[in-house]
Amino acid sequence: MLHQAWSEVRRHPGRFISTMLAIAISVAFLAGSSVLVATEAQAQGKAANLPIAMADLVVSTEEPVPGLTKVIAGVPGVAIASPSAASNEVVTNGAISQLLQLFVPPPEPLRWSKLTEGRWPTGADEIALSSAVSRALNVGIGQGVRVAGSDTQLTVVGLTDEPAGMFVKTGYTSIARLSQGGWTEDLTTEWAIKLAPDANIDQVLDAINAELATVAPKAKAELAQVVRDRQASRVAGELDAFNVVLWVGAAASVIVGMITIANTFTITLAQRRRQIGLLRAVGASAAQVRFRFLAEAALLGVIGSLIGVLAGIGIAVAITSWSSALYWGLALPWSRMALAFGIGVMVAVIAAIVPVMRGTKVAPVEALQPELSMDERKRAGVVRAIICGLLLVAGLGLAAFSVSRPDPNALLYAIGAATLISLGVLFGGPLFVPGLLRLVGRLVRRFGTVPLLAANNTERNPRRATATATALMLAVGLVVTMQVTTASIRASILGELEVRFPVDVQVAWTDADGNPTAVPEDVRTKLGTVPGVVDTVELPAGLAHLGSADDARLVTLLGAQPTVASVVGIPVSVSDQQVLVDPGTAKNLPSSIEVKGEAGTVKLQVVGSKVVTSDQAMVSAANLAKISKAAPAAVIWLSVPDRSQALNVLVGVNELAADQNRVTGSLVEASAYESLMNLLVAITTGLLGVAVVIALIGVSNTLGLSVLERTRESGLLRALGLQASSLRTMLTIEALEVAVVGVLVGTAAGAGFGWLAITALGRASDVQELSYAVDGPQTLGMLGIAVLAAALASYLPGRRAAKTAPTEALAEL
Amino acid sequence: MTATVAVDHVVAAQALTKVYRSGEAAVHALDGVDLGFIRGSFAAIMGPSGSGKSTLMHCLAGLDRPTSGEVLIDGRQLSGLSDRELTRVRRDQVGFVFQAFNLLPTLTAEQNIMLPLELSGRRADPEVFAQLVDSLRLGDRLKHLPSQLSGGQQQRVAIARALIGRPSVVFADEPTGALDSRASQQLLDYLRHTSQVLGQTIVMVTHDPNAAAYADRTVLLSDGRVVDDLSAPTADTILATMKRWGS
Ligand SMILES: Nc1ncnc2c1ncn2[C@@H]1O[C@H](COP(=O)(O)OP(=O)(O)OP(=O)(O)O)[C@@H](O)[C@H]1O
Ligand SMILES: [Mg+2]
């Protein structure tokens, strides 16, 4: 039987390629993503721990122990014991700055990177940069960079080949420069150790630990691999949200793949009805026939999964080489890849079961009858309607429950509700998809003969069209749900950031006693010209006490300016009766309070606002003049809307301010949040996009198989004078009809689920009000691409149809 | 070029050959055929199975390209035409009736009949349509799908479709092959009627001497060559000639 299955696959590869493709892509996703995560995690593990990237053993100590380097180097079997020496510095060239981790290059076998140009730094005024950093800073060998916030100039003497890590960017410095900063070897807390060629790693490990036990009880030696793995798994653990998305994506692609595979099987089996009848006629039992087809499915699963695993590795290699993680080596998680392979085979067999059961119910006489009418006109069952209705009612009920009141588990309920509703919609597909297709068909038919033919074709196999559209629906639904959810969370968090830390950057000048003094004229004018700074506002300031004498609180009192609101990005208004304090302080103050300064005292109403920090308060400019004797323009607020400029702006402002304590603000924190959120949205869309791709392959499969079935019709149309291009157009329209229905329902469901998720999240955490947001360009773009891709999916089937010779209409059966 | 083509030949073949190759073996399905059909003629093509009848018809109708030689329709050479132009020739100048599977299953009888006109963006003359439908007795079947029609009705729909655009020539490959004798007779009567009354040129491939007898000319093929050409044959003369050529 297996042998028969094999010969069937070998003789009619075309019939099976589409099924195999669907399996291969699902498996490629599973295998590829696990290779990708493992490789990225390994790369992060090494990149975040460069000094031990090449080490055999690592010694670390909680407290520095003088002379320990010699002790470790003296242990037999240790070839090199290199103390890790590093420092963090921001270096600047013009308006561009980079935060670098600077290492002293260890002796050769421990070096993790190679020089591509120049030499390693030796002098105190020399530096080497990784090529990625040198490009970012736009400097080359022989040119200089400056240490931010100082006049120290360093000359670039070498370039290295390692990529910029996600978190760490590297450069190299010299012992001479570190020593200037007070570093000595005795301050080392970590050593990278390389063994002698013939040493036994476990013996040396024990020997070092035995030695350390007496000399430095707080130090210990470990296998470097263990330390690296620990780091890698910590990185992987930090990517938890990422992992969840990955699993959702994987599950989606498997389910969509399963629908596609089942659909393909149904069609191929329908095409082989005669063959099945013949088998039965020559005496095969129904069970034998079933087994035979399931064996075929298993074989397809094995081949498809094998291709998938290989393709997955290939894709992971491509992505990691693009992201540079491949520099640190490819990690192959065997168990996960085996799991992906197993899932692929299982999915193929499970997806085949129902079509095989249905398709093999063929009476022997059917082999002898002429071709059956391919069109099925089956009414969707009452049972389906009932089950589907129950699922929807339960799902909607649970959804209403989940958003009805605050509940820490609201999100879980919402997910359950969404699952029930999805099942209802997907299972109920045959109830409404044919209707929707008819509706679309009615619109399409008006445009002429070719659209008419296309619309007719789409409606002739409602079950098939429904399954194809359903797969797309599921995929698009998931993508839109995730997009809406992440877009809403992003909007909410960014909105929250805007409210919580409205002032991007603040520059404040004081004299030695802490009294506000005017910002020097040249600084004031130059601040506005720092690249990235869009707007500034100067605020007059003076010192004042809030409240009555004994518990009075000393604050910097700011005078409101008309342009404050536009610079901070949230509404700010202070009337002559009000004083703004930060919300935390406002809670502990009476509703109205005396604000007392050198010039006078005014009683004002307390209003909480996040524009001011806890050591500030804001009153109207008129009131400030009454309270403070002199109110110099001592505080300047800067608006930096493009947060990717954060580091450059901060370095630029710090240099002008010449004293770090004068510069504060939320810019760096906000920029970190923002880039993280953007990354999350991009990854989510990318991963779930795979599910859409699989669904589109389903569209292409269904069309391709229909084209095979309709060879005669295509020939007839060509004989009657339909141009080849019109035949292609017809198939494109067929693809678009199915795609539009799938995408529309998917989008509607996704938008609804996104709302549910956001509302439930809001109910689960009363921390903040989440606002519903749709990233219009992103979502529309994705939908546009899906529809466009569906049109593309008709390309191959269309080409095949157009190649049909007119004489094929007349060929014998 | 030895054969001369009469000016009033609607369809003509000159030194037509068609060679099918499969590996080393070559089948000469057509081996130097020279033929012409004048306007309004009703010709039958006969010959033993495998003699090249269908192949000849496909080449004449622009469904297939000959290996060498020339086909002319309304005096226009088909050999130099692009696929697009050839398609247009089929659409506008040629009508077909095949043995079976003539109709698109998703279109109603009426839509099937109108298809060639719709494809060329022409409007059907309502009078011509009404006459056609009436004389083919399809009036009450126009809204039916092909699967709801009998074999004879399906062939009549196919004939209506072949005639509605008033093509230069109608080709029919064993149009009665799947029909019983009564339905065959009616169909052949109608074909003869269109050629005699409407001046429609018809070329029909058939196995059946009785069917060929409806035509006013019978061309006999054997091994890809024209071996005999009878005018106004009866079933008996055809049978006799066929016997002579050993089939
Ligand atoms: N596509 C093809 N490939 C190879 N050989 C072919 C092909 N079509 C036809 N032939 C061969 O060409 C010859 C003529 O075939 P054709 O179909 O024209 O015969 P026919 O006279 O129509 O026969 P029948 O009466 O059985 O329909 C035959 O020998 C046939 O085997
Ligand atoms: Mg034939």
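The values are calculated or read from the model by the stated rules, or taken from the named source; none is laboratory data. Since we're looking at a predicted model, the values are computed, not measured. Backbone-built Cβ (ideal geometry, glycine too); neighbour counts: all protein chains shown.
Brief remarks follow.
- Among the candidates B:Gly80, B:Gly95, B:Gly75, residue that is within 14 Å of the chain's Cα centre (by Cα) and away from ligand 1 (no atom under 16 Å from the Cβ): B:Gly95
- Filter result (without any contact (Cβ under 8 Å) to a residue 40 or more places away in the chain and either crowded, with 16+ Cβ neighbours inside 10 Å or closer than 28 Å to A:Thr585 by Cα (or both)) within the range A:504-550: A:Asp511, A:Ala512, A:Asp513, A:Gly514, A:Asn515, A:Ala549, A:Asp550
- Taking the range A:580-595 as the range and being under 17 Å from A:Ala560 (Cα atoms) and of a type outside the set (A, V, I, L, M, F, W, C) as the test, only A:Asp582 passes.
- Of the residues B:Arg21, B:Arg88, the single one that is modelled with pLDDT under 90, outside any strand (DSSP E or B) and not β-branched (Val, Ile, Thr) is B:Arg88.
- Figure legend. Inter-residue proximity from the range A:191-212: first residues within 10 Å of A:Val58 (Cα to Cα), second residues in a helix (DSSP H, G or I) and aliphatic (A, V, I, L, M), beta-carbon distance below 6 Å, spacing 6+ or different chains. Indicated pairs: A:Trp191/A:Ile72; A:Ala192/A:Ile52; A:Ala192/A:Leu110; A:Lys194/A:Leu110.
A quick yes/no check of all residues on (1) away from chain A (no Cβ under 14 Å); (2) at pLDDT 85 or above:
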position: B:Gln99; (1), (2): no, no
position: B:Asn102; (1), (2): no, no
position: B:Thr106; (1), (2): no, no
position: B:Glu110; (1), (2): no, yes
position: B:Met114; (1), (2): no, yes
position: B:Leu119; (1), (2): no, no
position: B:Arg123; (1), (2): no, no
position: B:Ala130; (1), (2): yes, yes
position: B:Asp140; (1), (2): yes, yes
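- Residue match in the range B:64-71 (condition: assigned to a loop (DSSP other than H, G, I, E, B), within 12 Å of chain A (Cβ to nearest Cβ) and out of contact with any helix residue (DSSP H, G or I) (no Cβ under 9 Å at 6 or more places or on another chain)): no
- Pairing residues of the range B:17-29 that are at positive phi with residues that are among the β-branched types (Val, Ile, Thr) and more than 16 Å from ligand 2 (Cβ to nearest atom), at Cβ distances under 9 Å and at least 6 apart in sequence or on separate chains, gives no pairs at all.
- Out of B:Val157, B:Val170, B:Val226, one residue alone is at pLDDT 90 or above, within 16 Å of ligand 1 (Cβ to nearest atom), β-branched (Val, Ile, Thr) and surrounded by 15 or more Cβ atoms within 10 Å (Cβ to Cβ). It is B:Val226.
- Tabulated pairs, the range B:163-192, first within 13 Å of chain A (Cβ to nearest Cβ), second of a type in the set (Ser, Thr, Tyr) and within 16 Å of ligand 2 (Cβ to nearest atom), C-beta under 9 angstrom, 6+ apart or interchain: B:Ala172/B:Thr206; B:Asp173/B:Ser54; B:Asp173/B:Thr206; B:Glu174/B:Ser54; B:Glu174/B:Thr206; B:Pro175/B:Thr206; B:Gly177/B:Thr206
- Total residues in the range B:217-247, condition assigned to a helix (DSSP H, G or I) and free of Cβ contacts under 8 Å to residues at least 40 places away in the same chain: 8
- Within the range A:602-622, residues that are under 14 Å from A:Leu558 (Cα atoms) and at pLDDT below 85 reach partners that are basic (Lys, Arg) and surrounded by fewer than 17 Cβ atoms within 10 Å (Cβ to Cβ) with beta carbons closer than 7 Å, at six or more positions or on different chains, in the pairs A:Lys610/A:Arg500.
- Of the residues making up the range A:569-584, at least one is part of a strand (DSSP E or B) and in contact (Cβ under 8 Å) with a residue 40 or more places away in the chain.
- Within the range A:315-342, being over 19 Å from A:Leu299 (Cα atoms), small (Gly, Ala, Ser), assigned to a helix (DSSP H, G or I) and touching a residue at least 12 places away in the same chain (Cβ under 8 Å) holds for A:Ala316, A:Ala325.
- Note on the range B:72-91: among residues that are closer than 21 Å to B:Asp8 by Cβ and out of contact with any helix residue (DSSP H, G or I) (no Cβ under 6 Å at 6 or more places or on another chain), the one that is nearest to the other protein chains (Cβ to nearest Cβ) is B:Val89.
- Lone unmet requirement of (1) in contact with a Phe, Trp or Tyr (Cβ under 7 Å, 6 or more places away or on another chain); (2) assigned to a loop (DSSP other than H, G, I, E, B) for A:Ala634: (2)
- Of all the residues in the range B:63-85, those that are closer than 15 Å to B:Ser120 by Cβ and surrounded by 20 or more Cβ atoms within 10 Å (Cβ to Cβ) number 0.
- Among the residues of the range A:692-724, those identified as farther than 27 Å from A:Ala250 by Cβ, more than 8 Å from chain B (Cβ to nearest Cβ) and of a type in the set (Gly, Ala, Ser) are A:Ser706, A:Ser714, A:Gly715.
- Qualifying positions in the range B:46-62 - near ligand 1 (Cβ under 6 Å from one of its atoms), in contact with a Phe, Trp or Tyr (Cβ under 9 Å, 6 or more places away or on another chain) and within 12 Å of chain A (Cβ to nearest Cβ): B:Thr55
- Residues located in the range A:431-450, provided they are touching a residue at least 24 places away in the same chain (Cβ under 8 Å) and within 13 Å of chain B (Cβ to nearest Cβ): A:Gly441, A:Val450
- For the range B:124-139, the tally of residues that are of a type in the set (Asp, Glu) and more than 18 Å from B:Leu187 (Cα to Cα) stands at 2.
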